[in-house]
Amino acid sequence: MEAETEKIKGEKKRYKPVLPRTRYWPIVQLNKNKKAFIETVTNESLKNLITLTSGRSLKEELESTVYRERLRMKQNPWKVDPKDEKDFWNQIQKRLIEMPHDDEAKKKETEEAILREIIKRYANEISGNFKNSHYKFARTVITFGFARLLNATRVKGIKSLWSKQLDLDDKIHVVGQVEQLRRLARRGTIVMVPTHFSNLDSILIGWVIQHMGLPPFIYGAGLNLFNIRIFAYFMNSLGAYKVDRRKKNLIYLETLKTYSQEALKYGCHSLFFPGGTRSRSGAIETQLKLGLLSTTVAAQREHFEEDEEKAKKIFIVPVVLNYHFVLEAPSLINDYLERKGQERYYVENDEYSTSYKIIKFLLKFFTRGSDISVSIGRAMDVFGNYVDNHGNSLDKQGNPMEIKDYFTTDGLITFDAQREQEYTRILAKRIVEEYHKYNRVFSSHLVAFTAFEMIKRRNPALDLYNLLRLPDEDTEIDYAEFRETFGKLREEIFRMKEMGKINFASHLDGPVDDVIKYGIDNCGMYHALRPILKNKKGNVTTQDMNRLFYYYNRMDGYDLEKFI
């Protein structure tokens, strides 16, 4: 087989494209036939919704949708919303009012015509606008621009902007099962399921996908991000379709699920953020949204229905993203605390929502020494079984197994909604397990965990909200005590890695004082109020307990508290 990588200066890896001819990329084929694809999504959604509303009033479902959409437009309008939104929903409401009541056949025909019109509007809104020429340009800009920023800070002088001394892979460390992922991308359809902490995640994953030589993926990105022009351009270029989380009505959610399912059947590699949104608390997601995840199970069944012997496999690949700091941490943790404490907590809006702020952050982020880690997990089938490099599903003993039997009743491939819901729950549980296993502990995560837990232990009578309001003098920790506790926790992390329960970044394995300093320097480095720092006396303290709590939560779920 042809060599997988090319060696360049510094012995860095450069992956050759898995599918060099771009016209064969599934996403290119889908966009070439976009009109027909939208029609398929519309027809399948219509069929599914008629089944789902069987025994109920379809008119009531339509009226409920109109009411919710009119309320959304009034209470939470966005710049990215279509200009004709109000006119469209007014016209739908008028048609519902004028619907014939004495002719059941005519009434049903009108209801289904209105339903089809709404579905088609949603499908066109969700649909991505991928163009190969834009993809190539966006890929070049991201790779060139970010790499030049790195050189500008690390190699002094204006000429360093054009130097090739440093690349993005000096900052973004892609680790884990990369070779397996590349092999499986030739054999089936990949569904990448990353953790989700920042609005930067989508662009980061887009770079990682092209860095690994994979064809572009389609992925659902929050419609709110399309308010930001620079994000809108890059996400469109990198294969995003739009997900409007304001819309909770049945018609929209079913259209979104069908869009995802039909794209998987089309063979498009896909990316889901199964947490549904960015982690507000800073913790790794433990409760995943099952809607889009269920489309992988349904698409796999339909592959078997079409051809039992040559059915294309769908592979689920967990991905864990690690940052030393998250741009939106202050607003995210405030949002989390407001929801958790309701009237007990007052929230201040600190969201980054303009192109200027995003560009300013990128400049700050990429001109500092903070690394990013992207951990590629071992691939699984849609039931959570590991697969080998040939795509064969493996049982717990590592023996190949046939997965079509999961869909079989009396020797036939059948649809069973309850059964597939259970399979989706099992898959979600397995993804969460893999997240914790492939998480790479950064020193910034561990210093934050150590500090917050030590403060918490010194104030056992306080609940979370009173703990967060502690005065500055009560948050100071003697450095010698901090160092000893940090060392114990680090040793436990090392032990857990040997057991295959966690991973850690290479910088965690060094002289303890150096590791602590690196963690403190990087934790929340861009925030005006630092989550953790050393004071003039050399002791450890914080300028903001909320932000310290956010970074502390990254180590939640490992039972490390018992070692303090």
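Read-outs: derived from the displayed coordinates by stated rules, not from any lab. What you see is a predicted model; the values in this text were computed from it and never measured. Quick reminder, even Gly has a Cβ in these numbers, built from the backbone with ideal geometry, and neighbours come from all protein chains shown.
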task = State, in angstrom, two size descriptors of segment 260-319 derived from its alpha carbons: Rg to one decimal place and Dmax to the nearest whole number.
result = 13.6, 45
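Give me the net charge for the shell around Leu200: Cβ to Cβ below 11 angstrom, other residues only, Lys and Arg +1, Asp and Glu -1.
Details: positive: Arg278; negative: Asp201, Glu328.
Cβ neighbours under 11 Å give a net charge of -1.
Order of His269, His390 from fewest to most other C-beta atoms within 10 Å?
Details: His269 28, His390 10.
The most exposed by this proxy come first: His390, His269.
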note = If the chain between Val175 and Lys35 were fully extended at 0.36 nm per residue, the gain over the current Cα-Cα distance would be 46.5 nm
query = Could you state the principal axis extents of the C-alpha atoms in segment 27-126, from the largest down, to the nearest angstrom?
reply = 48, 31, 19
key: Two-site FRET efficiency, Leu19 against Glu402, from Cβ-Cβ distance with R₀ of 30 Å, rounded to 0.05   = 0.60
task = Pull up the cross-link candidates among the lysines for Lys248, meaning alpha carbon to alpha carbon under 23 Å and not fewer than 8 places away within one chain.
result = Lys47, Lys59, Lys74, Lys79, Lys83, Lys86, Lys94, Lys120, Lys257, Lys289, Lys340
ask   = segment 14-52 to segment 301-338: how many Å between their Cα centroids?
value = 19 Å
Segments 283-292, 103-112 sorted - mean Cβ within 10 Å per residue, highest first = 283-292, 103-112
request  = Restricting things to alpha carbons, tell me how big segment 431-562 is in terms of Rg and Dmax, in Å.
outcome  = 14.3, 44
ask   = Given C-alpha coordinates of segment 170-432, what is the ratio Rg to Rh with the Kirkwood estimate of Rh?
value = 0.98
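Among DSSP beta bridges whose residues both lie in segment 170-432, state the antiparallel percentage, nearest 5. Intermediate values should be presented prior to the final figure.
Values: 12 of 32 bridges.
Percentage antiparallel, nearest 5: 40.
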request  = Find the centroid of the Cα atoms in segment 171-241 and in segment 441-511, then give the distance between the two in whole Å.
outcome  = 32 Å
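Determine, from the Cβ-Cβ distance of Ala113 and Asp559 and an R0 of 51 Å, the FRET efficiency 1/(1 + (r/R0)^6), rounded to the nearest 0.05. It would help to have the intermediate numbers written out before the result.
Values: r = 57 Å, r/R0 = 1.12.
Efficiency, rounded to the nearest 0.05: 0.35.
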request  = For Lys131, go through the lysines and keep the ones whose alpha-carbon is under 20 Å away, minus same-chain ones fewer than eight residues off.
outcome  = Lys32, Lys34, Lys35, Lys242
task = Compute the length gained on full extension between Leu394 and Asp410: take 0.36 nm times their separation in residues and subtract their Cα-Cα distance, giving the result in nm to one decimal.
result = 3.4 nm
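Where in the chain lies the longest segment free of chymotrypsin sites (Phe, Trp or Tyr not before Pro) that are both loop residues by DSSP (not H, G, I, E, B) and have at most 14 other Cβ atoms within 10 Å? The partial results should precede the final answer.
Working: sites that count: Trp78, Tyr346, Phe415.
Answer from the scan: 79-345.
When Lys and Arg each count +1 and Asp and Glu each count -1, what net charge do the other residues less than 13 Å away from Arg246, Cβ to Cβ, add up to? Numbers along the way, then the final one.
Numbers: positive: Arg68, Arg70, Arg72, Lys74, Lys242, Arg245, Lys247, Lys248; negative: Glu69, Asp81, Glu85, Glu125, Asp244.
Taking every other residue near Arg246 into account, the sum is +3.
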message = Give me the one-decimal nm value for the distance between modelled label points at Gln93 and Trp78, 7 Å along each residue's Cα-to-Cβ direction.
response = 2.2 nm
ask   = Where does helix 85-97 land angle-wise versus the long Cα axis of the chain, in degrees 0 to 90, nearest 10?
value = 40 degrees
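Can you put Lys310, Lys247 in order, fewest other beta carbons within 10 Å first?
Placing the least packed residue first, the sequence is Lys310, Lys247.
Nearest 0.05, what FRET efficiency do Thr277 and Asp478 give at R0 = 56 Å with Cβ-Cβ as r? Before the final figure, lay out each step's value.
Values: r = 39 Å, r/R0 = 0.69.
The pair Thr277/Asp478 has a calculated efficiency of 0.90.
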remark   = Note on the chain, DSSP bridge orientation, antiparallel percent to nearest 5 equals 45 percent
Share of alpha-carbon pairs per 20 Å distance bin for the chain, given as whole % = 19, 51, 27, 3, 0
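Between Leu529 and Asn43, what length in nm is gained on full extension when 0.36 nm per residue of separation is reduced by their alpha carbon distance? Let's see the in-between values first.
On the way: separation 486, 0.36 × 486 = 174.96 nm, distance 5.26 nm.
Gain on stretching Leu529 to Asn43: 169.7 nm.
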